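Some notes on the structure that comes next.
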Amino acid sequence: MSQTQQYTAPSAGTLARYQMLIGGKRVDASAGEVFETPNPFTNEVWATIPRGRNEDAIRAIEAADEAFQNGPWGRMTASARGRLLRRLAELIARDAERLATIEVTDNGKLMSEMHGQLRYIPEYFHYYAGLADKLQGAVIPSEKEDMFSFTRREPLGVCVGITAWNSPLLLAAYKLGPGLAAGNTFVLKPSEHASASTLEFAKLFEEAGFPPGVLNVVTGFGPEIGEALTTHPKVAKVTFTGSEGTGQRIYEAAARGLKRVTLELGGKSPNIVFDDANLDNAVNGVISGIFAAAGQTCVAGSRLLVQDTIYDQFVERLGEVARGARMGNPLDLSTQIGPIANAPQHKKILEYLDIAKSEGARCIAGGAAAQRAECGKGMFIEPTVFADVSNQMRIAREEVFGPVLAAIRFKDMDEALAIANDTPYGLASGVWTQDIQRALIMSQRLQAGTVWVNTYRAISYTTPFGGYKRSGLGRENGMEAVDAYLQTKSVWISTASEVPNPFMMRV
Ligand code: NDP
């Protein structure tokens with residue numbers, strides 16, 4: 001892929017019309033309603049998406065339950081499930097460019113990033129395909145001489161995956177890879193702000209040969225379709241990525257039915273630069289933490305902590321990079337900062353810019369909506385750096401989800417740790433230092449599910465990912481993720497010739 005290669009949006013000039021996938025059939029919403037989805041760069045509607053409601057969610061849950069209880073999926077060997085996942089991975093690799101273009105058109109993420117993501121997503125399915133037939137129970141060495149005991153690791157049943165708009169396909173891979181390898185069936189609901197790529201992706205399931213109903217995709221607005229998805233008695237588990245507030249509502253709703261829940265809820269991650277760091281690398285690491293994807297990532301390193309000996313020069317260097325960043329068409333591979341994915345998010349970021357200024361933060365770059373010609377009619381925010389931020393300001397405590405960096409000073413390691421951990425969140429953190437002892441102490445004492453040392457925003461299907469504190473519950477990725485889609489059954493087989501005293505427990 002050359003740097004000058006230019007991509008065009010799918011269906012340029014025409015309106016794409018998407019359908020949901022329920023029980024192996026492409027269907028409209030029961031009431032025939034649709035909503036329009038705009039391209040955040042052109043601000044023009046490019047597709048219509050079915051506006052499903054609770055009755056559509058129920059249809060999808062029943063299809064998933066039927067596939068789990070009575071379909072060929074439930075009787076398939078684990079090795080056969082693995083083969084289907086591998087076939088799916090091959091099809092995603094084949095269609096990577098097309099899927100990436102659709103996602104960019106829908107949520108404005110950079111093609112340069114999405115192309116990489118789509119080439120990587122097949123690896124998730126290969127990894128979990130390999131794991132499918134290695135999910136073993138155990139023979140238990142029982143202390144009872146006349147008893148043979150073993151465990152089976154069994155799927156939960158119907159799992160509901162609810163994803164956010166910032167990376168719908170990657171987030172779907174986090175959930176489907178381990179969940180399908182374990183033998184569950186799924187109802188997936190992407191965000192109303194970026195549904196198209198998931199609907200396209202679902203077509204590959206049919207082509208890969210998955211039985212109908214193993215994956216169902218419903219679309220619509222969370223409040224109109226979410227009730228059934230989170231409370232229906234046939235749903236065994238809900239796995240969610242999104243905001244803290246919605247996560248809380250989903251957790252409460254799922255708790256009424258005692259469903260299992262995995263939540264990934266974002267944060268206010270500290271990126272900590274010590275004065276002995278390789279500063280060129282640290283600048284790049286801080287930029288990648290906050291301006292990549294226009295800051296719309298759950299792991300955004302939105303709180304920058306810099307040691308006071310280098311604070312002014314470091315922050316000024318960031319300001320220069322921010323002012324010089326190339327903004328524009330996300331399909332153009334030379335673009336560094338694309339649009340904000342949707343209008344409510346754009347408005348929210350602008351509000352936080354005002355809040356930061358009113359709190360006394362010093363804006364040294366950006367601080368406003370972008371008015372550059374290359375931004376066209378898109379919803380852009382200038383990459384923004386606020387200096388002289390205190391950790392008590394709202395700009396340092398609340399998730400902005402945009403290209404807005406809050407830079408805080410610290411004196412020494414203890415103070416850096418105190419500031420870094422003084423947050424209700426704990427998804428990720430970054431440490432920039434050449435001192436191995438300091439790196440190890442920091443990695444031990446930071447209260448976050450991920451600590452990156454001299455790097456930032458690295459992910460892998462092999463490595464668990466999830467939050468401490470209010471950033472979430474459970475882990476995705478790695479072998480640990482599969483455990484969250486399995487339950488253990490203990491089987492006891494008596495080899496005794498008679499049943500002993502029936503009025504006593506067998507202890
Ligand atoms: P939400 O948390 O509201 O949405 C995430 C997903 O949940 C979407 O699919 C949404 O559907 C769905 N949803 C919403 N309400 C319900 C409900 N009652 N029951 C079931 N599902 C529901 O995120 P937003 O898109 O509104 O973004 C708001 C903020 O969340 C952002 O400003 C950002 O701070 C944060 N965020 C965090 C992310 C992360 O990775 N941690 C990712 C995205 C956003 P629908 O969109 O159709 O309503």
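The values are calculated or read from the model by the stated rules, or taken from the named source; none is laboratory data. Please read these numbers as outputs of a predicted model, since none were measured by experiment. Quick reminder, even Gly has a Cβ in these numbers, built from the backbone with ideal geometry, and neighbours come from all protein chains shown. Heavy atoms of the whole protein, side chains included, go into the accessibility calculation; ligands, DNA and RNA do not. Shrake-Rupley method; radii C 1.70, N 1.55, O 1.52, S 1.80 Å.
When segment 461-500 is filtered for residues that are touching a Ser or Thr at 6+ places or on another chain (Cβ under 7 Å), open to solvent by 50 Å² or more (accessible area, probe 1.4 Å) and closer than 30 Å to S142 by Cα, the ones remaining, listed by number, are T488, K489, S490, W492. For segment 133-156, state whether one or more residues are open to solvent by less than 10 Å² (accessible area, probe 1.4 Å), closer than 24 Å to A236 by Cα and not polar (S, T, N, Q). No. Looking at A418, A439, A481, which is the one that is free of Cβ contacts under 8 Å to residues at least 12 places away in the same chain and among the aliphatic types (A, V, I, L, M)? Exactly one of A418, A439, A481 is free of Cβ contacts under 8 Å to residues at least 12 places away in the same chain and among the aliphatic types (A, V, I, L, M), namely A418.
To keep it simple, each residue is scored yes or no on (1) within 8 Å of the ligand (Cβ to nearest atom); (2) of a type in the set (V, I, T).
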residue: L188; (1), (2): no, no
residue: T198; (1), (2): no, yes
residue: F201; (1), (2): no, no
residue: F210; (1), (2): no, no
residue: G220; (1), (2): yes, no
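Within segment 232-249, residues that are more than 12 Å from the ligand (Cβ to nearest atom) have Cβ atoms under 8 Å from residues that are part of a strand (DSSP E or B) and open to solvent by 20 Å² or more (accessible area, probe 1.4 Å) in these pairs: A236/R260; K237/R260; K237/V261, counting only partners at least 6 apart in sequence or on another chain.
Go through the residues of segment 447-459 one by one and say whether even a single one is farther than 30 Å from R153 by Cβ, out of contact with any strand residue (DSSP E or B) (no Cβ under 9 Å at 6 or more places or on another chain) and in the same structural domain as L353 (by TED's automatic domain parsing). No, that holds for no residue.
Being within 13 Å of the ligand (Cβ to nearest atom), closer than 24 Å to N43 by Cα and modelled with pLDDT of 95 or more is a property that holds for A194. The lone criterion from (1) open to solvent by less than 40 Å² (accessible area, probe 1.4 Å); (2) touching a helix residue (DSSP H, G or I) at 6+ places or on another chain (Cβ under 6 Å) left unmet by N107 is number (2).
Restricted to segment 285-391, the set of strands (runs of 3 or more DSSP E) holding at least 2 residues that are open to solvent by less than 10 Å² (accessible area, probe 1.4 Å), not hydroxyl-bearing (S, T, Y) and not assigned by TED's automatic domain parsing to the domain that holds L170 comprises 303-307, 384-387. When G449, G478, G474 are checked against the criterion of being at pLDDT 95 or above and in contact with a Phe, Trp or Tyr (Cβ under 7 Å, 6 or more places away or on another chain), G449 stands alone in meeting it. The criterion of being more than 30 Å from A365 (Cα to Cα) and either open to solvent by less than 80 Å² (accessible area, probe 1.4 Å) or in a loop (DSSP other than H, G, I, E, B) (or both) does not hold for G402. Candidates in segment 60-99 are the residues that are farther than 25 Å from V27 by Cβ and of a type in the set (D, E); of these, the one that is most open to solvent (accessible area, probe 1.4 Å) is E90. Taking segment 387-408 as the range and being more than 26 Å from the chain's Cα centre (by Cα), farther than 10 Å from R303 by Cα and not small (G, A, S) as the test, the residues that pass are D388, Q392, M393.
Within segment 30-43, one or more residues are in the same structural domain as P168 (by TED's automatic domain parsing), over 25 Å from V160 (Cα atoms) and among the hydroxyl-bearing types (S, T, Y). Answer with yes or no whether L353 is within 16 Å of the ligand (Cβ to nearest atom) and under 27 Å from the mean Cα position of the chain (by Cα). So L353 fits the description; yes.
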